[in-house]
């Protein structure tokens, strides 16, 4: 216990030295406070995501900074000590960090699809149909389908490509997918994937015998630094998208109330 307190103290010292990006604030789209029944679904949905999405981005920022600090603490420690600290302090945080970019990308796509679908009432009028897929089937493709008519959507779409990017998957050896569906690389210690089955396009099967080295905290923190930048850029693009919605909805309500 005393040893754990000592390493926690070292972590706190290292954490103070880490220059983490500024945390983001909740969104404040210029949506009219008095909405008609037609816009209630949009209003209630935006009331939730304007806090939840920035909170999720802030979670990624905090986790990335914490892992950077822990990587400094354990850099020259013995393997047994690393294992001890891994189990007590940072294994679950590292796993969370490695899975967050995928989750964030999915949440942004989910929110954009719902909000663009509702906002499309403006352009589609009486032809608008409530035909959005059920929630569990909504993905980035769904968001693209319902968002393409908005001027700011293209910038949002492009920014989303940088979140949970191919580069991130390569740097982390696709940890999130392997953690969910197969056997993931270890973190700091441990060898995995002792046997790997390979199939060529021609159908030839071979087996590779070996082992995958663990991901170091320094590797994970470095990869997450890029994802933090990407997540903040996506949030900026998403903000512009919902601001465009809000302004258009406000003008529509103003026109409807004019004599």
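FYI, it's all coordinate maths here, none of it is from the lab. Owing to the predicted nature of the structure, the values given are computational and were not obtained by experimental measurement. Note that we place each Cβ from the backbone using ideal geometry, even for glycine, and neighbour counts take in every protein chain shown.
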GNM flexibility winner over the chain from 206, 165, 26 (Cα, springs under 10 Å): 206
Net lengthening on full extension, residue 182/residue 145 (0.36 nm per residue, minus Cα-Cα): 10.2 nm
Nitroxide proxy distance, nm - points 7 Å out along Cα→Cβ at residue 28 and residue 257: 2.0
Among 204, 148, 117: highest mean-square fluctuation, GNM of the chain, C-alpha pairs under 10 Å: 204
Distance in nm between pseudo-label sites at residue 167 and residue 16 (7 Å out along the Cβ direction from Cα): 3.3
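Take the alpha carbon gyration tensor of the stretch 80-142, find the square roots of its eigenvalues, order them as a ≥ b ≥ c, and report rounded if a/c is under 1.5; if not, report prolate when a/b exceeds b/c, else oblate.
It comes out prolate by the Cα gyration axes.
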C-alpha center-to-center spacing [the stretch 1-66, the stretch 72-102] in angstrom: 22
Whole-number percent relative contact order across the chain, with pairs defined as alpha carbons under 8 Å at least 6 apart: 25
Alpha-carbon centroid distance for the pair the stretch 207-228 / the stretch 130-185, whole angstrom: 21
Most mobile listed residue (80, 185, 41) in the chain, GNM with C-alpha springs under 10 Å: 80
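Let me make sure I get this right: for the chain, a, b and c are the square roots of the gyration tensor eigenvalues over alpha carbons, sorted descending. Under 1.5 in a/c it's rounded, otherwise prolate if a/b > b/c, else oblate. Which is it? Walk me through the numbers on the way to the answer.
On the way: a/c = 3.32, a/b = 1.73, b/c = 1.92.
Taking the square roots of the gyration eigenvalues as a ≥ b ≥ c, the chain is oblate.
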Prolate/oblate/rounded call for the stretch 104-168, Cα gyration tensor, a/c under 1.5 rounded: oblate
Mean separation of Cα contacts under 8 Å, 6 or more apart, over the residue count of the stretch 23-98: relative contact order %: 36
Helix-derived mean residue ellipticity, 222 nm - over the chain, DSSP H n ≥ 4, -39500 (n - 2.57), to 500: -20500 deg cm²/dmol
